[in-house]
Amino acid sequence: MYDKVFSGKFYYNGQFQDLDIGVCDGKISEIKKHINFKREILRHAVIPAGTDIHVHFRDPGETEKEDFRTGTISAIAGGTTTIFDMPNNKIKIDNYSAYRDKLEIVRRKAYSDFGLYSMFTGNNLDIIDKDSSGIKIYMGSTTNASGLNNYNASDINGINDLKIPVVFHAEDPVCLQKNHIEAKNLMEYNKSRPPECEDSAVSTASKMGFKNGIIAHLTHNIKTQYLREVTPHHLMLNDEMDLGSYGKVNPPLRSRELQGLLLDEYISGSYDILSSDHAPHTQNEKADFEYAPAGIIGVETRIPLMLALIQKKVLSMDVFIKTAIYNPAKIFNIKKGEIKIGNYADFMTVDFTSMERLNDYRLHSKNPESPFNGFDVIFPDEVIMRGIKIVSSREIIEDHTGKYIKELK
């Protein structure tokens, strides 16, 4: 019945319980107080591993910034066993051929399980790969994406027929053009891409008729019928901080007041998804604020930052689990995110007394400079993916065992 049995204090049905978890073929096959089988004891608290639906691993095309090996190693080191990579590569993933080429390149490098997005540009429905894990729409221009062109109702229906999530980068191009200035610091950059550009884009997106919409990286409270995603950098950083170009991101960091309100709303349970929007660039590219590309790393720190807030009793375990672990897996229809019979045995162990200050040069990204350097974090001690221990004592102990989610049984 079992390949192995894990024993420990698991977060199960909304509370920590002493349990034995039987695993067969990488999935949870039994949950009991005691299973009469050789058990592997997991020290510390055990919670389901995370899913990050929004990363930019730059592979292929810009592997000097990141590649799928370093990106997925960063993910598992931070307690995330499944990632979804965005399509704004240097060679845009907006057609079948580009999607298949990318898949063949990255599957050989992945340490975590992964899905891949395709980009909808407004006139490419017929050539989007039907196995795409999700669709990304850039409403305004950003890194390697020029925005949405003309589309019609049949295109919307065609994407709805794929029955996969549609994620919007919501910044209105007319508003961006109207407010554009050559910003030389974070406050000026905030003014050059103001909150009303988000408001306008969300309003437009909400009228487009997609069934499975997600508004990415919201920076303030916007009402929409779509699911709402936030990031740790918009929750915890603001334009008054001395971050230089390492705080430059689209949409921008907001004022201290708006950032505080967003964090309060997240803590209250108002948002659906917590993603990293991990988007690395080289040190040379980040040298001059005015010309630096936008993007902040975060796939490795997304969960550790939140675990520290839980330990400080700022954030509840329930909100964290819902937004960083349960909802992302459920929305993308993968059998993860919850300790449940039939789900994959993806866990992390956490010693909540092991809080430390982030030293970004210990991160695994090719370009580890983080605006969260010095922030309190709690890293998972062990990470298990599909019943295989891949991180032990914070060290990577397995070679690349990640799988494309379409190939998970």
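For the range 151-188, the residues whose amide N sits under 14 Å from a probe point set 7 Å from the Cα of Ser255 along the beta carbon direction are 187-188.
So for the range 365-409, what percent of the C-alpha to C-alpha distances run longer than 11 Å?
Of all Cα-Cα distances in the range 365-409, 76 percent exceed 11 Å.
When the inverse distances between all different Cα atoms of the range 51-332 are averaged and flipped, the Kirkwood radius reads 18.8 angstrom.
For the residue pairs Lys27/Lys211; Lys184/Lys286; Lys248/Lys286; Lys136/Lys178; Lys163/Lys211; Lys109/Lys366, alpha carbon separations beyond 20 Å are given by Lys27/Lys211; Lys136/Lys178. Just the protein heavy atoms count here, and of the accessible area of the range 51-332 at 1.4 Å, carbon and sulfur take up 48 percent.
The residues packed around Val314, meaning those with a beta-carbon under 15 Å from its beta-carbon, carry a net charge of -2 if Lys and Arg are +1 and Asp and Glu are -1. Report note on the peptides 150-162, 272-284: ranked by the mean count of other C-beta atoms within 10 Å, highest first, their order is 272-284, 150-162. Stokes-Einstein diffusion for the range 253-368, with the hydrodynamic radius set to the Kirkwood value over Cα pairs and evaluated at 20 °C in a medium of 1.002 mPa s, equals 130 µm²/s.
Over the range 165-226, the Kirkwood radius and the radius of gyration, each from Cα atoms, give a ratio Rg/Rh of 1.02.
Modelled spin labels at Glu395 and Cys24, positioned 7 Å past Cα toward Cβ, are 3.4 nm from each other. All other residues whose Cβ lies under 13 angstrom from that of Thr401 are scored, Lys and Arg at +1 and Asp and Glu at -1, for a net of +2. Every pair of different Cα atoms in the range 151-194 enters the Kirkwood calculation, which places the hydrodynamic radius at 13.0 Å. In terms of accessible area, using a 1.4 Å probe and ignoring ligands and nucleic acids, Cys24, Cys175 rank largest first as Cys24, Cys175. Note on the chain: helix-only mean residue ellipticity at 222 nm, from DSSP H runs of 4+ residues weighted -39500 (n - 2.57) and normalised by residue number, equals -6500 deg cm²/dmol. Potential lengthening of the chain between Asn157 and Arg107 amounts to 15.0 nm, from the contour at 0.36 nm per residue minus the alpha-carbon distance. Legend: translational diffusion of the range 29-127 by Stokes-Einstein, Rh = Kirkwood radius over C-alpha pairs, 4 °C, 1.567 mPa s; D = 83 µm²/s.
Here Asn13 and Ile267 are evaluated by their C-beta separation; at R0 = 22 Å the FRET efficiency comes out at 0.50. Entry comment: accessible area of the range 154-292 is 41 Å² per residue, from protein heavy atoms only and a probe of 1.4 Å.
In this structure the amide hydrogen of Lys4, modeled in the peptide plane, comes within under 5 Å of the amide hydrogens of Val23, none closer than 5 places in sequence on its chain.
Counting 0.36 nm for each residue step from Lys130 to Lys33 and taking away their Cα separation leaves a gain of 30.6 nm.
Which cross-chain or sequence-distant (5 or more) residues have an amide H under 5 Å from the amide H of Ile390, H modelled 1.01 Å from N in plane? Those qualifying (amide H under 5 Å, at least 5 residues apart or on another chain) are Val383, Ile384, Met385. For Lys312 and Tyr291, a Förster radius of 35 Å and the Cβ-Cβ distance give a FRET efficiency of 0.40, rounded to the nearest 0.05.
Ignoring aspartates and glutamates fewer than eight residues from Lys191 along the same chain, the ones with Cα atoms less than 16 angstrom from its Cα are Glu171, Asp172, Glu182, Asp199, Asp239, Glu240, Glu257, Glu290.
A simple count of charges around Ile331, restricted to other residues whose Cβ falls under 15 Å of its Cβ and scoring Lys, Arg +1 and Asp, Glu -1, yields +4.
Shape analysis of the range 315-408 yields a ratio of the Cα radius of gyration to the Kirkwood radius, Rg/Rh, of 0.98. By the Cβ rule of 4.7 Å, the chain holds the following cysteines without a possible disulfide partner: Cys24. For a distance above 15 Å, tell me the whole-number percent of Cα pairs in the range 101-151 that qualify. I get 54 percent for the Cα pairs in the range 101-151 exceeding 15 Å.
The values are calculated or read from the model by the stated rules, or taken from the named source; none is laboratory data. Since the model is a prediction, treat every value here as computed from it, not as a measurement. FYI the Cβ positions are ideal-geometry reconstructions off the backbone, even for glycines, and counts take in every protein chain you see. Quick note on the areas: whole protein, heavy atoms, side chains included, nothing else; ligands and nucleic acids left out. Shrake-Rupley method; radii C 1.70, N 1.55, O 1.52, S 1.80 Å.
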